[in-house]
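Visitor: Questions regarding the structure given below will be posed in turn.
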Amino acid sequence: MGHTVIQKARIFDGSGNSSFVGDVSFSDGKIKEISKTPIALQPGDTVISGKGYWLTPGFIDFHTHYDAEIEVSPDLSESLRHGVTTVTLGSCSLSLALGTPEDLADMFSRVEAIPRTEVLKILEKGKTWNSAKEYKAHLNSLPLGPNVTSFAGHSAIRANVMGLERSLTKGEKATESELKKMDSLLNEALDEGFLGMSINTLVWDKMDGNRFRSRPLPSTFAPWSEYQFLNRTVRKRGKVFQGVPNVSTKINVLMFLWEALGWFRKPLKTTIISLMDVKYDPRLYKLLSLIGRVANTLLKGNFKFQSLPEPFDLYADGMDVVVFEEFGAGAYANHIESELERKKLMKDPKYRNWFRSQWNNWFLPRVFHRDFKETEVVSCPDSSIIGKSIDQISKDRNQDSVSTFLDLVAEHGNSIRWHTVMANHRLKPLQSIVSNPDILIGFSDAGAHLRGMAHYNFPLRMLKLVYDAEKVGKPFMSLEKAVHRLTGEISEWFGIDAGKIEVGKRADLVLIDPKHLDASVDQDIEAPMSFFNGYQRWVRRNDETVTHVFVNGELACKKGALEPGIGTKKKLGQFLTSTLGS
């Protein structure tokens, strides 16, 4: 079997060093040669012309919720087609490594907006593991498309040790023996090469099912002392602490910062979501940027926000979207599973008054802008309102906009679909955010919020952001730095063997046609998920941009089309272990 040789591509090696035009050869999963002059070909070599194209390391998506999807579609094609060759599971305290199928389905489904019936079906049919070691072996047994890494999810650990009901009960603290058991399970995960531990303190992430529906996740019930106890192990072993702060109040961001600080102790690698330019508060990103800079310089911390290099937009079917969980009236409506019963609620005068008072209350904590001028109806049985904002519709009806919204949901339920942009809507602040040294480029939530969010191709949108500025003569970052932020910087921070084009390194490679870093990266569609009974997922696809994707030296995808057997019979990816602290 010969080598594969990519010729005359502009090579970005993932280090941030200057790019150059040259050849790369690889075989047996490894980079064999990198040269600025033509590599001599041997009989049996496969040659790919890279002329006019960019060659980069495979991109790394360190914040996904593919935990359920990977069980039925291990090719993870929606990320693979965009050049993502390494993904991370176990984010936000959620993991399928430990627990019963029903407990895990209840923890995972509503939070991540994935149909519970499908998640439960997957786990009841296929879950044969119940430890980090067994879970790692299971993942390695799948015909993976991309490589996989994982956090140990605190909610899963807590529920497994305390029992789900106690883990969800306010005031119930883990006993000393239970804390030791949690620590033992965490140590086992770290022994298996998991990246670290993830937690969640955001109380509007709610349980699904009918046993404990609408209670926050187990992790949110833990006192901070429980996190600190477990973080002694994470800190000692040099691993990563990933968390979701209470983004409504934002106060406990300071607690995460405290964990990261290195005064008189070893700093703890800490990363949280998310640094954005949110519409409702245009100054917030500057304040958070300042806090991050102080933490990492004056206070000797190791702290990173997670950030997206693109507008943060949402679609909603009626009221079925996570931002309504941030205030009581919205959470109350989403507690009701029946669409018919929810429609009835929208007509109730007491509920309408309650919803209106909270929607318009600027003193309540918020992330969502709650401005119906900033919406657009994209589909509805009433075609006359498509293309209009809810505010425009209210003016047509001589109503206030809140009454109009509640009427529309009462009439159409989830059949009215609307769109809004929450954050990262201004070019200069977005350029400032992605240039910030205290962020990591990520937080796609790939595999979750299937109807509401579509950030699978964020690496390409990052490259377009930087390339666009260069083309108009107003560069704010080099393309080499942009590629580094999407590859080598992430792999180095998490301690995984990925993200570099270097002799002897893993041949995870992406060939990009820069002519197609254009408006196509922003176009969206709804695509059926055959493995979720045809459920329609909102995605962005721009298959002309990424011409070839290689995982461990094997061709995985060409212009959006998977190679035969990927995800079914042919295994490309593997579980990548963290070398941090080793």
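Visitor: Leaving ligands and nucleic acids out of the surface, order Asp313, Asp497, Asp183, Asp28 by accessible area at 1.4 Å, largest first.
Guide: Ranked list, largest accessible area first: Asp28, Asp497, Asp183, Asp313.
Visitor: Evaluate the distance, in nm, between pseudo-label points positioned 7 Å from the Cα of Arg426 and of Asp513 along their respective Cα→Cβ axes.
Guide: Distance between the two pseudo-spin positions: 3.7 nm.
Visitor: Find the Rg to Rh ratio for the range 166-229, where Rh is the Kirkwood radius over alpha-carbon pairs and Rg uses the same atoms.
Guide: Across the range 166-229, the Cα-based Rg/Rh ratio is 1.00.
Visitor: Moving on to the next point. How much accessible surface area, in Å² rounded to 10, belongs to the heavy atoms of Thr404 with a 1.4 Å probe?
Guide: 0 Å²
Visitor: So, by mean Cβ neighbours within 10 angstrom, what's the order for 59-66, 342-349, 408-415 with the highest one leading?
Guide: Averaged packing, sorted descending, gives the order 59-66, 408-415, 342-349.
Visitor: Here is a follow-up. Separation between the Leu340 and Ile386 pseudo-spin-labels, each 7 Å from Cα along Cα→Cβ, expressed in nm?
Guide: 2.8 nm
Visitor: Mind putting together the pair-distance distribution for the range 59-123? All Cα pairs, 5 Å bins, whole percent per bin, short to long.
Guide: Distribution as computed: 4, 18, 29, 24, 15, 8, 2 percent.
Visitor: Additional query: With a 1.4 Å probe and all protein chains kept in place, how much accessible area does Tyr332 have, in Å² rounded to the nearest 10?
Guide: The accessible area comes out at roughly 110 Å².
Visitor: Hey, another quick one. Please report the spacing between the Cα centers of the range 208-248 and the range 73-125 in Å, no decimals.
Guide: So the two Cα centres are separated by 18 Å.
Visitor: Right, something else. Taking every pair of Cα atoms in the range 220-279, average 1/r, invert it to obtain the Kirkwood radius, and report Rg/Rh to two decimals.
Guide: When Rh is taken as the Kirkwood radius, the ratio is 0.99.
Visitor: A further question on this structure: Relative contact order (percent) for the range 138-270, with alpha-carbon contacts under 8 angstrom and 6 or more residues of separation?
Guide: 24 percent
Visitor: Here's something else I'd like to know. Using the Kirkwood radius built from alpha carbon pairs, what does the Stokes-Einstein equation give as D for the chain at 20 °C and 1.002 mPa s, in µm² per second? Intermediate results must be reported in sequence, preceding the final value.
Guide: Working: Rh = 24.5 Å.
Answer, rounded: 87 µm²/s.
Visitor: I'd like to compare 477-486, 354-363, 564-573: which one has the highest average count of other Cβ atoms within 10 Å, and what's the full order after that?
Guide: 477-486, 564-573, 354-363
Visitor: What relative contact order, as a whole-number percentage, does the range 284-376 give when Cα pairs under 8 Å and 6 or more residues apart are counted?
Guide: 19 percent
Visitor: With a 1.4 Å probe and all protein chains left in place, how much accessible area per residue does the range 387-545 have, in Å²?
Guide: Averaged over the residues of the range 387-545, the accessible area is 34 Å².
Visitor: At 1.4 Å probe size, with no ligands or nucleic acids counted, give the accessible surface of Glu325 in Å², nearest ten.
Guide: Accessible surface of Glu325 is approximately 20 Å².
Visitor: Give me the 1.4 Å probe accessible area per residue for the range 1-150, excluding ligands and nucleic acids, in Å².
Guide: 34 Å²
Visitor: Of the heavy-atom accessible surface of the chain (probe 1.4 angstrom), what whole percent is carbon and sulfur?
Guide: In the chain, the share of accessible area belonging to carbon and sulfur is 53 percent.
Visitor: Given Cα pairs under 8 Å that are at least 6 residues apart, what percent is the relative contact order of the chain?
Guide: 21 percent
Visitor: What do you reckon, how do Ser401, Ser79 stack up by accessible area (1.4 Å probe), largest on top?
Guide: The ranking, largest first, comes out as Ser401, Ser79.
Visitor: Taking the highest mean first, how do the peptides 6-19, 446-459 order by number of other beta carbon atoms within 10 angstrom per residue? Spell out each step's value before the answer.
Guide: Details: 6-19: 20.1, 446-459: 24.2.
Packing order, densest peptide first, comes out as 446-459, 6-19.
Visitor: Can you list the residues, at least 5 places off or on another chain, whose amide H is less than 5 Å from the amide H of His548, using H built in the peptide plane?
Guide: Here the answer is Leu511, Lys559, since their amide H atoms fall under 5 Å of that of His548.
Visitor: Can you give me the Cα centroid spacing of the range 518-535 and the range 317-368 in angstrom?
Guide: Using only Cα atoms to place each centre, the spacing works out to 28 Å.
The values are calculated or read from the model by the stated rules, or taken from the named source; none is laboratory data. Remember, predicted model here, so these are calculated numbers, not experimental data. In this analysis, Cβ positions are derived from the backbone assuming ideal geometry, glycine residues included, and neighbour counts consider all displayed protein chains. Note: accessible area is taken over every heavy atom of the protein model, side chains too, but ligands, DNA and RNA are not part of it. Shrake-Rupley method; radii C 1.70, N 1.55, O 1.52, S 1.80 Å.
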